[in-house]
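Single-structure report; data block below.
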Number of protein chains: 2
Amino acid sequence: MDMINYEKQIERWGTLEVSVKGKTEGNPFVDYTVQGVFTGKKEQVTVNGFYDGEGIYKVRFMPSFEDEYTFRIQGSFSEEVYVGEFTAVPAGTGNHGPVYVANTYHFAYADGTPYYSIGTTCYVWELQSDELVKQTLKTLKDSAFNKIRFCIFPKHYDYNLGEPRSYPYEGMPMDSSVLTKENFLEYTGKTEGNHWDFSRFNVEHFRHIEKCILALRDMGIEADIIVMHPYDRWGFSQMTEEQDDLYWKYVLARFSAYRNVWWSLANEYDLFEHKTVKDWERYADLICANDPYNHLRSIHNCRPFYDHNRPWITHCSIQRQDLYKSAEMVNEWREKYKKPVVLDEIAYEGNIQHGWGNITGEELTRRFWEAACRGAYPGHGETYMNKDDILWWSHGGVLHGESHKRFKLLHDIMCETPGIGLMPYENSGWDEVCAVPEESTQQIKPVKDYYLIYFSFMRPSFREYHFDDETKFQLKVIDTWNMTVEDRGIVQGKFKVELPGRQYMAIQLKKV
Amino acid sequence: MDMINYEKQIERWGTLEVSVKGKTEGNPFVDYTVQGVFTGKKEQVTVNGFYDGEGIYKVRFMPSFEDEYTFRIQGSFSEEVYVGEFTAVPAGTGNHGPVYVANTYHFAYADGTPYYSIGTTCYVWELQSDELVKQTLKTLKDSAFNKIRFCIFPKHYDYNLGEPRSYPYEGMPMDSSVLTKENFLEYTGKTEGNHWDFSRFNVEHFRHIEKCILALRDMGIEADIIVMHPYDRWGFSQMTEEQDDLYWKYVLARFSAYRNVWWSLANEYDLFEHKTVKDWERYADLICANDPYNHLRSIHNCRPFYDHNRPWITHCSIQRQDLYKSAEMVNEWREKYKKPVVLDEIAYEGNIQHGWGNITGEELTRRFWEAACRGAYPGHGETYMNKDDILWWSHGGVLHGESHKRFKLLHDIMCETPGIGLMPYENSGWDEVCAVPEESTQQIKPVKDYYLIYFSFMRPSFREYHFDDETKFQLKVIDTWNMTVEDRGIVQGKFKVELPGRQYMAIQLKKV
């Protein structure tokens, strides 16, 4: 290759990658740095690059505007300054830019399109075989999911005893042939037998993850990247401060310029034995300093929530704390944190032995609708017993459940919201969940433009409404489980809605 | 009749009724009193009698011992003292005496037999036609119910616009032909058009209720009598203090000597516009002063609970306050009140428009098991739409639902509890509901004699346990919905229970 290499034209919110040749002596991951300054009429962005092996240093940049840009790259391995120019052309179909917080409780893409999150979790799908990764991508393509949570580090846990396709560092893992379903919990990040050089990244590991991030991006799926997690037998959860920081900077330099990246600092941060709030806040500082695009940032709990009021946290990434109330707590969390509420774990559909992974498809779908009608964003996972121990929740593959089939309907309905996002309407009946457009008033007058009313597990045979005498509404009756939407025409004044006396019904009222 | 009339022999905990002739001049309900003193070797009981019309005054007594008794009756209408004697013979089959609190959280009959309450609610079943009353009794006979809540006053509410078979007072009700499903809420206890003499009881009304109490008694069903309630168009909820007290004394004099009577001061006490805590406490004083048998006493809420810590309250009669958590709150309530927790309203199976009356049979059955495994007593009701507006919850009749068929199994299992009653075991898994015998310790050691573990809506395909290495348990797997009990033999040490991955499963472990 030449001394410098890059594309001359990319889409707005695409990723420009500039490769330069540099030194290979010593340990390039720690001995040298590389930085780029990208300049257009509306922005000047300084970004750190990273060493990608074989003497190649890379600097990535995501242009936020359609514009002509110039750049200057300089590495500590040389006196030379590399310059170049490129054009950011209009975003192509399906490219709406990164997702940001739009109006306190809701998200929108950078181009203003509302983003209604329908998430799933496959912790280490991308670290499986090519075949399985391909299958997962196909499943995702055919699904309604527009966000997926996954880890950079491999996962060690029940149903997760196998080796990942690659490791993030150079070195050798412990011998996993000693692991059984009975003894795996005895193996932790402290286990002997692992030999890693925490100062030398395995670039193939990261290159592969980037391919996966791009594949997701091209399907319109946000990559909610879990940068740290405690389910570990290799020691990745127990590195030193210095090692952690090196890792964070490397991850930030590699992934920040992908528009579909979200930062999840941790899965179940509270299960790390050796990390304190001070550590998490340090990582947060590193993100804020090293991600010039301000991708979304969250931190996910097992039991106690992290303080989601911290200013760097853009949205609440929640694991439910109560066995019986999950999505039903959304009103409280919205009020407390005044941020978007994303319910990344509200128990998964499945039939494994653990209570977090064995609810019905009906119940998970119900939680999705409860969450949506309370102005939050629900998350899915699937944990069906499988003879090969391939469970969607960790490995991806195919879906065996029933809930996922119902999410497209919910997403379609969410997309009909006037403005951006729904909020829970407190002036509704005590025995229904009623959503109105965000930024409506809580008063009964004026009549809202839109009501989405969900009856959850209740089975009314009819319901009566009277908003006022004048307003006309288009009435639709939605069977959220059987996936039917029945147009009941125009209603006005006092009206009665006949319902089938089944669970999981909703009605939609649109002012006409 | 003679001047005095009574049976010479009754069962222990039966009802002796002594009738004496007295004056009919003036208003015998208020102008005269009658009292009896009943004396055996182990008790001397003074009771107030009542006027039963046609110049007859009655005094009722329930002997708590097998013994020879004498009595003296005196009325204010005469100087004469009536004396007599009778024998209380051993209780017959099915007669275990009244139900009392046995051990803080649980009930037992006076003879020591544990009483595991499986309640239902039919608010005014006894005020319906002879035919319907007969049908209700047959339904009850074929059911597992051993407690029923019902009112003395008729009920005015949605699906309850018809006239009762009789009224408690002499007089005339308002014209009910004006009522519709749309306007009924405009008619309250203040409505004009009612003409009652609140000082003259309609004895036929009470005689009929007594027949019903006896019919229940003979089927082993406790009569949880709701003495006051707010759903009223006749003015019975808005009488004066003096009128209320006259009513209470009359009810107490008539019903106290029936062994299966429980006093529910009110249904939804907090919905009475014109009554204060002072009133409820005054009624409680009247019960304590006029019921010499100390029948169980409770007061039922709509929203806020009455202070169930009040000493006269024998048990909590609870309407759930949260749409999503009902039986799941039992642990908290037990801790707070240290009394038996009876969940008289945790939503009813049905399909009417109201959220309190349209849950599935599955969900109500689930709430029953949750309640039982947390050491409480669940209550049923049924509110299916019906072309004749005959809903079990108010009118009785036949049952249309599915939950009631599952209660016999639950009751059978409850009866297998060693000792009296279950308590929630806190050292169990977070994702199961585990009961152990009341008065066990909460420590892991010693191993308990009995574990009843319920998986609720969760669907584990297996669960693993290890209590200790020595103890042997008889293991049974219970499908609470499909009503099967599978004996899995003896288990010991670490063992795995294979489960079908369906909802509503339980396992029972009995130390052998």
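The values are calculated or read from the model by the stated rules, or taken from the named source; none is laboratory data. In this text the structure is predicted, and so the values were computed from the model without any measurement. A quick note on method: Cβ atoms are made from the backbone with ideal geometry, for glycine too, and the neighbour counts reach across all protein chains shown.
Miscellaneous remarks
- Per this entry, A:R149 is counted among residues that are of a type outside the set (A, V, I, L, M, F, W, C), under 30 Å from A:P378 (Cα atoms) and in a strand (DSSP E or B).
- Number of positions in the range B:470-499 that are in a loop (DSSP other than H, G, I, E, B) and surrounded by fewer than 16 Cβ atoms within 10 Å (Cβ to Cβ): 4
- Residue match in the range B:343-354 (condition: closer than 21 Å to B:P424 by Cβ, outside any strand (DSSP E or B) and under 16 Å from the mean Cα position of the chain (by Cα)): yes
- Residue in the range A:279-292 that is among the aromatic types (F, W, Y) and part of a loop (DSSP other than H, G, I, E, B) present: no
- Taken over the range A:428-469, residues that are part of a loop (DSSP other than H, G, I, E, B), more than 11 Å from every other protein chain (Cβ to nearest Cβ) and within 32 Å of the chain's Cα centre (by Cα) amount to 8.
- Checking each residue in the range A:293-338 for being closer than 24 Å to A:E426 by Cα and of a type in the set (D, E, K, R) picks out A:R320, A:D322, A:K325, A:E328, A:E332, A:R334, A:E335, A:K336, A:K338.
- Pairs meeting the criteria (first residue in the range B:238-258 and touching a residue at least 24 places away in the same chain (Cβ under 8 Å), second residue part of a helix (DSSP H, G or I) and among the β-branched types (V, I, T), beta carbons under 6 Å, at least 6 apart or on different chains) are B:Y258/B:I213.
- B:T139 falls short on exactly one of the conditions (1) assigned to a strand (DSSP E or B); (2) closer than 30 Å to B:Y109 by Cβ, and that condition is (1).
- Of the numbered criteria (1) within 30 Å of B:I346 (Cβ to Cβ); (2) outside the structural domain of A:L127 (by TED's automatic domain parsing); (3) of a type outside the set (D, E), the one A:Q443 fails is (1).
- Taking the criterion of being part of a loop (DSSP other than H, G, I, E, B) and polar (S, T, N, Q), the residues of the range A:386-427 that qualify are A:N386, A:T417, A:N427.
- Checking each residue of the range A:372-385 against the condition of being more than 9 Å from chain B (Cβ to nearest Cβ) and assigned to a helix (DSSP H, G or I) gives at least one match.
- Criterion violated by A:R254 - all others in (1) outside any loop (DSSP other than H, G, I, E, B); (2) out of contact with any strand residue (DSSP E or B) (no Cβ under 7 Å at 6 or more places or on another chain) satisfied: (2)
- Test: residue in the range A:226-237 that is free of Cβ contacts under 8 Å to residues at least 40 places away in the same chain and touching a strand residue (DSSP E or B) at 6+ places or on another chain (Cβ under 8 Å): no
- Some residue of the range A:304-326 being buried (at least 24 other Cβ atoms within 10 Å of the Cβ), touching a Cys at 6+ places or on another chain (Cβ under 9 Å) and not hydroxyl-bearing (S, T, Y): no
- Every pair of residues 6+ apart whose Cβ atoms lie under 8 Å, when the first sits in the range B:157-178 and is closer than 22 Å to B:L391 by Cβ while the second is small (G, A, S) and outside any loop (DSSP other than H, G, I, E, B): B:Y157/B:S394; B:Y159/B:S394; B:N160/B:S394; B:L161/B:S176; B:G162/B:S176; B:E163/B:S176
- Condition met for B:E438 (farther than 29 Å from B:E402 by Cα, out of contact with any Lys or Arg (no Cβ under 8 Å at 6 or more places or on another chain) and either surrounded by 21 or more Cβ atoms within 10 Å (Cβ to Cβ) or at pLDDT 95 or above (or both)): yes
- Of B:Y450, B:Y425, all but one fail to be under 24 Å from B:L499 (Cβ atoms), in contact (Cβ under 8 Å) with a residue 40 or more places away in the chain and among the aromatic types (F, W, Y); the exception is B:Y450.
- Taking the criterion of being hydrophobic (A, V, I, L, M, F, W, C) and surrounded by fewer than 24 Cβ atoms within 10 Å (Cβ to Cβ), the residues of the range B:353-393 that qualify are B:W356, B:M385, B:I390.
Yes/no per residue for (1) touching a Leu at 6+ places or on another chain (Cβ under 8 Å); (2) closer than 18 Å to B:F150 by Cβ:
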| site | (1), (2) |
| --- | --- |
| B:W263 | yes, yes |
| B:W280 | yes, no |
| B:R303 | no, no |
| B:T314 | yes, no |
| B:D322 | no, no |
| B:V330 | yes, no |
| B:E345 | no, yes |
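- Filter pass, B:G22 being under 18 Å from B:R259 (Cα atoms) and small (G, A, S): no
- A:S237 in contact with a helix residue (DSSP H, G or I) (Cβ under 8 Å, 6 or more places away or on another chain) and either of a type outside the set (D, E, K, R) or crowded, with 20+ Cβ neighbours inside 10 Å (or both): no
- For A:G396, the stated conditions hold: it is assigned by TED's automatic domain parsing to the domain that holds A:L137 and crowded, with 24+ Cβ neighbours inside 10 Å.
- The sole residue among A:L216, A:L246, A:L265 that is at pLDDT 95 or above, buried (at least 23 other Cβ atoms within 10 Å of the Cβ) and in a helix (DSSP H, G or I) is A:L216.
- Residue pairs whose Cβ atoms lie under 6 Å apart, sitting 6 or more positions apart in sequence or on different chains, and linking a residue in the range B:345-368 that is at the interface with chain A (Cβ under 9 Å from one of its Cβ atoms) to a partner that is assigned to a helix (DSSP H, G or I) and surrounded by 22 or more Cβ atoms within 10 Å (Cβ to Cβ), are B:G350/B:G357.
- Here A:E335 meets each of (1) over 22 Å from A:I420 (Cα atoms); (2) at pLDDT 95 or above; (3) not hydroxyl-bearing (S, T, Y) with one exception, condition (1).
- Verdict on B:Y324 being within 14 Å of chain A (Cβ to nearest Cβ), touching a Lys or Arg at 6+ places or on another chain (Cβ under 7 Å) and at pLDDT 95 or above: yes
- Some residue of the range A:33-49 being more than 29 Å from the chain's Cα centre (by Cα), of a type in the set (V, I, T) and more than 25 Å from A:C288 (Cα to Cα): no
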